[in-house]
């Protein structure tokens, strides 16, 4: 397995839209991810195999103390090989380097073991309002 993990690496919108559609099981969108992450994110981690995007994590932030893990996704063929764990470890390191004090994540209940046991997040009280 020859995976390169790069903080704030370049990617094409098409590659990330394809990965997102596959990983989250929705139709292909034509979102401008490059503009979005450059406008709103502390950074992101790309996992690539032979130049192909096979994993991605977005680290949005408030510009100060809080960072937020979003869009953790790994291509189906590359799941259960530690890619997400490594991308999260890089995200944690980079948020610390940026002097963030808190790194937030929310997730579906079947991912509790991944985020709590493998990545070191702790349960906390939070709130959510579904808007649509």
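Of all the criteria given as (1) under 14 Å from the mean Cα position of the chain (by Cα); (2) without any contact (Cβ under 8 Å) to a residue 40 or more places away in the chain; (3) over 24 Å from residue 117 (Cα atoms), the one not satisfied by residue 42 is (2). The set of residues from the range 104-132 being surrounded by 11 or more Cβ atoms within 10 Å (Cβ to Cβ) and over 23 Å from residue 53 (Cβ atoms) comprises 104, 106, 112, 116, 120, 121. Within the range 1-17, residues that are on the phi > 0 side of the Ramachandran plot and without any contact (Cβ under 8 Å) to a residue 60 or more places away in the chain sit with their Cβ atoms under 7 Å from residues that are surrounded by 14 or more Cβ atoms within 10 Å (Cβ to Cβ) and not in a loop (DSSP other than H, G, I, E, B), at 6+ positions apart or across chains, in these pairs: 8/43; 8/44. Meeting the requirement of 3 or more residues that are surrounded by 19 or more Cβ atoms within 10 Å (Cβ to Cβ), the strands (runs of 3 or more DSSP E) wholly within the range 1-90 are 41-49, 52-61, 66-74. Taken over the range 111-132, the criterion of being in a helix (DSSP H, G or I) and either under 17 Å from the mean Cα position of the chain (by Cα) or within 19 Å of residue 63 (Cα to Cα) (or both) is satisfied by 111, 112, 113, 114, 115, 116, 118. Summed over the range 49-88, residues that are out of contact with any helix residue (DSSP H, G or I) (no Cβ under 9 Å at 6 or more places or on another chain) and under 17 Å from residue 8 (Cβ atoms) total 6.
Values quoted throughout were computed directly from the atomic coordinates according to the rules given, and no laboratory measurement underlies them. Note that the structure is a prediction, hence the values are computed from the model and not measured. Positions of Cβ are generated from backbone atoms using ideal geometry, with glycine treated the same way; all protein chains shown enter the neighbour counts.
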